[in-house]
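For reference, the structure is listed below as structure tokens.
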Amino acid sequence: MKVLDKIKEPADLKSLTLPELDQLAAEIRAEVVNTVTKTGGHLASSLGAVELSIALHRVFDSPRDKVIWDVGHQSYAHKLLTGRREMFDTLRQYHGLSGFPDPAESPHDAFGTGHASTSVSASLGIAIARDMAGEDFHVIAIIGDGAMTGGMSLEGLNQTGHLGTRMIVVLNDNAMAISPSVGAISQLLNKIRLDPRYYRAKEEAKRLIHKMPRGASAWKWAKRFKVGVKEMILPTQIWDALGFKYIGPVDGHNIARLEEALEKAREYSNGPVLVHVITTKGKGYEPAEGDSIKFHGVSGKINASSGFPSYSEVFGQTMLRLFREDKKLVAISAAMMDGTCLKSIAEEFPGRVFDVGICEQHAVTFAAGLATQGYIPIVAIYSTFLQRAFDQVLHDVCIQNLPVVFALDRAGIVGEDGKTHQGNFDLSYLGCIPNLVIAAPSDENELRNLLYTAVKCGHPMAIRYPRGSAPGLPIDENFRELPIGKGEVINEGDDVAILAIGSAVNPSIEAAKILSDKVINCSVVNARFAKPLDAELILKLASKTKRLVTVEENTLVGGFGSAVLSLLSDATDIRVLRLGIPDEFVEHGPQDILRASYSIDAEGIARSIISFFPELSHHTPQTKAKR
């Protein structure tokens, strides 16, 4: 019988021997690899946190003690140890287990996470609430070295140290975020991580002194001396200055050492503790250890390919050509160099591509500063992560009308990463900001032309594009500057006009074909711009058909359809059907299933039009001829 088969809840770990724990770690790794290579998910990060998860649940008492995982993509072992083993094969599947911590899924998930650098602030809030209520439990935040570069984590550490609140921060230091961690903090961790001299000397000194007469007393004196030695050799003073007791670094794959360090942190009652744990991303799975970036997140069959370039790849290829043509272009990433396909550009133009770490707010204001000096910055950030920099987009870029280009990757439904990563809000949260042009391409050529237009327009401009493959059209040789605020009529019909934007355009074209078989003739418009709208075209079609349908892969609240309704506010005889994401968070699941569930695939669009305009379903060739 496998050791993992015995684990129904964390309490079952308490009685296991050290050899059994090592066996359990191996079984968890095998389970994670077997599942994730089928379902997709975050492989390398979860493999690196197996022993840490085991040690945490042996030393602490979850769910009474609160364990908060930063980002949460490393929590698969935690899920297996907290009663979710039998459902683990549904990981990231529609109606299955989430790929991130979710309090609705288990009481052991103390806080829902999916974005980086949140755990310290959330943990401090929980710890302060505990103290105010007179309760007594432990609060543990697990944060990676990459997430530690985020400004929010530093803000949380600053207040925690200032208040002296009793809580534990575990720094899971694997020296590798999605993109290599950058900045002074990363350099500090490198010095600690790579210099074992002090720790070897400390252990040897402790062993020798305890052999001496009155060794215990001598060791107490020596511990005072060691602080000075430690500060001479290791730059750990930053944690002391922030008000944290520092423990480490600790081998993150040695369960006995991990438990010793965590028990020491658990017993410390005079304020916050930081436990510095060194782990190997992808531990135990050779392909992931060798390439932790590639295996950070995998999508089912690791080597699967659609045959067409992704929108991200088209973006990268386009940027490379534009960079060669214009020396004033610069690019900025927030720790997503590979994900946004900026890596090849950085290799050719290292002085013009900047990875600022997990600091979206800083990325935007940094771009604004560059723009004031005549440069044209392209800020490449996932849609869901730009949410974190709303004020900087508004205050630092758009008020000053600076020519910053926002390339919003993973816009719309992204699929299995679920609620925290769906990019369904950018048309809404950006649409209210003056001076900002907002566009979305329907294919790879349009993405190329919109990027070319954006770097030429001299104003802030956001371009949102989806996750996944482009349609596979032949790439035009030359760029074309598109007229801002102008759409394109693809089909002409008298019965109903479909206004679609971005990834909704091609399903709308297919829906029109379906409806034509039912003798319903549709105009289809590639709106192309969510702001400014092509008011002239929309009003003309509204007057002609009296029936409009808007289709978008964005929330209906404040989105493209809402803007069209606002434009038509004075028209009382126009009926408008809006298709998109309702006022809810979209769960995890395959993109095609989720789009079908919201009726924004071709069949759903056609079905919704017939339902909303039932009079159209009575058309026959004869009745249409009489009209």
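The values are calculated or read from the model by the stated rules, or taken from the named source; none is laboratory data. None of these values were measured; they are calculated from a predicted model. Neighbour counts are summed over all protein chains in view; Cβ atoms, including those assigned to glycine, are modelled from backbone coordinates with ideal geometry.
Just so you know, in segment 542-559 the residues that are in contact with a helix residue (DSSP H, G or I) (Cβ under 6 Å, 6 or more places away or on another chain) and polar (S, T, N, Q) include one that is surrounded by the most Cβ atoms within 10 Å (Cβ to Cβ), and it is Asn554.
On the basis of being within 18 Å of His115 (Cβ to Cβ) and hydrophobic (A, V, I, L, M, F, W, C), does Ala470 make the cut? No: the conditions fail for Ala470. Tell me, yes or no, whether segment 444-459 has at least one residue that is outside the structural domain of Ser566 (by TED's automatic domain parsing), buried (at least 18 other Cβ atoms within 10 Å of the Cβ) and of a type in the set (Gly, Ala, Ser). Checked against the condition, which is being outside the structural domain of Ser566 (by TED's automatic domain parsing), buried (at least 18 other Cβ atoms within 10 Å of the Cβ) and of a type in the set (Gly, Ala, Ser), segment 444-459 yields at least one hit.
Can you find, within segment 360-380, the residue that is surrounded by the fewest Cβ atoms within 10 Å (Cβ to Cβ) among those that are in contact with a Lys or Arg (Cβ under 9 Å, 6 or more places away or on another chain) and closer than 22 Å to Leu430 by Cα?
It comes out as Gln361.
Criterion first (of a type in the set (Val, Ile, Thr), at pLDDT 55 or above and farther than 30 Å from Asn34 by Cβ) does Ile233 satisfy it? The answer is no for Ile233.
Residues are listed down the side, and each one gets a yes or a no for (1) farther than 22 Å from Arg578 by Cβ; (2) over 27 Å from the mean Cα position of the chain (by Cα):
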residue: Leu447; (1), (2): yes, no
residue: Phe479; (1), (2): yes, yes
residue: Asp495; (1), (2): no, yes
residue: Lys518; (1), (2): no, yes
residue: Cys522; (1), (2): no, yes
residue: Ala530; (1), (2): no, no
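Scanning segment 96-103 finds one or more residues that are modelled with pLDDT under 90 and surrounded by fewer than 21 Cβ atoms within 10 Å (Cβ to Cβ). Among the numbered conditions (1) in contact with a helix residue (DSSP H, G or I) (Cβ under 7 Å, 6 or more places away or on another chain); (2) of a type in the set (Gly, Ala, Ser); (3) in a helix (DSSP H, G or I); (4) crowded, with 24+ Cβ neighbours inside 10 Å, the only one that Ala116 does not meet is (3). The selection criterion, being at pLDDT 90 or above, among the acidic types (Asp, Glu) and surrounded by fewer than 24 Cβ atoms within 10 Å (Cβ to Cβ), does not hold for Asp70. Annotation: Tyr382 fulfils all but one of (1) out of contact with any helix residue (DSSP H, G or I) (no Cβ under 9 Å at 6 or more places or on another chain); (2) modelled with pLDDT under 95; the unmet one is (2). Scanning segment 64-79 for residues that are aromatic (Phe, Trp, Tyr) and either part of a helix (DSSP H, G or I) or outside the structural domain of Val139 (by TED's automatic domain parsing) (or both) returns a single hit, Tyr76.
A quick yes/no check of all residues on (1) of a type in the set (Ser, Thr, Tyr); (2) surrounded by fewer than 18 Cβ atoms within 10 Å (Cβ to Cβ); (3) touching a residue at least 24 places away in the same chain (Cβ under 8 Å); (4) part of a helix (DSSP H, G or I):
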| position | (1), (2), (3), (4) |
| --- | --- |
| Ile28 | no, no, yes, yes |
| Asn34 | no, yes, no, yes |
| Leu47 | no, no, yes, yes |
| Leu52 | no, no, yes, yes |
| Leu56 | no, no, yes, yes |
| Ser62 | yes, no, yes, no |
| Gly83 | no, yes, yes, no |
| Glu86 | no, yes, no, yes |
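When segment 560-585 is filtered for residues that are surrounded by 22 or more Cβ atoms within 10 Å (Cβ to Cβ) and closer than 15 Å to Gly412 by Cβ, the ones remaining, listed by number, are Phe560, Gly561, Leu579, Gly580, Ile581. Looking across segment 4-25, the residues that are loosely packed, with under 12 Cβ neighbours inside 10 Å and assigned to a helix (DSSP H, G or I) come down to Asp5, Leu18, Pro19. For first residues located in segment 537-553 and closer than 12 Å to Leu565 by Cβ, partners that are among the small types (Gly, Ala, Ser) and at pLDDT 95 or above and lie 6+ apart or on another chain with Cβ distances below 6 Å form the pairs Leu548/Ala497; Thr550/Gly561.
Scanning segment 590-599 turns up at least one residue that is free of Cβ contacts under 8 Å to residues at least 40 places away in the same chain, in contact with a Lys or Arg (Cβ under 8 Å, 6 or more places away or on another chain), polar (S, T, N, Q) and buried (at least 16 other Cβ atoms within 10 Å of the Cβ).
Residue-level check: of (1) in contact with a strand residue (DSSP E or B) (Cβ under 7 Å, 6 or more places away or on another chain); (2) hydroxyl-bearing (Ser, Thr, Tyr); (3) surrounded by fewer than 24 Cβ atoms within 10 Å (Cβ to Cβ), Thr420 misses just (1).
Annotation: of all residues in segment 141-168 being within 22 Å of the chain's Cα centre (by Cα) and part of a strand (DSSP E or B), the one that is modelled with the lowest pLDDT is Gly144.
One line per residue, one yes/no per condition, for (1) of a type in the set (Phe, Trp, Tyr); (2) over 21 Å from Gly589 (Cα atoms):
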| position | (1), (2) |
| --- | --- |
| Val36 | no, no |
| Val50 | no, yes |
| Met87 | no, no |
| Tyr94 | yes, no |
| Pro101 | no, no |
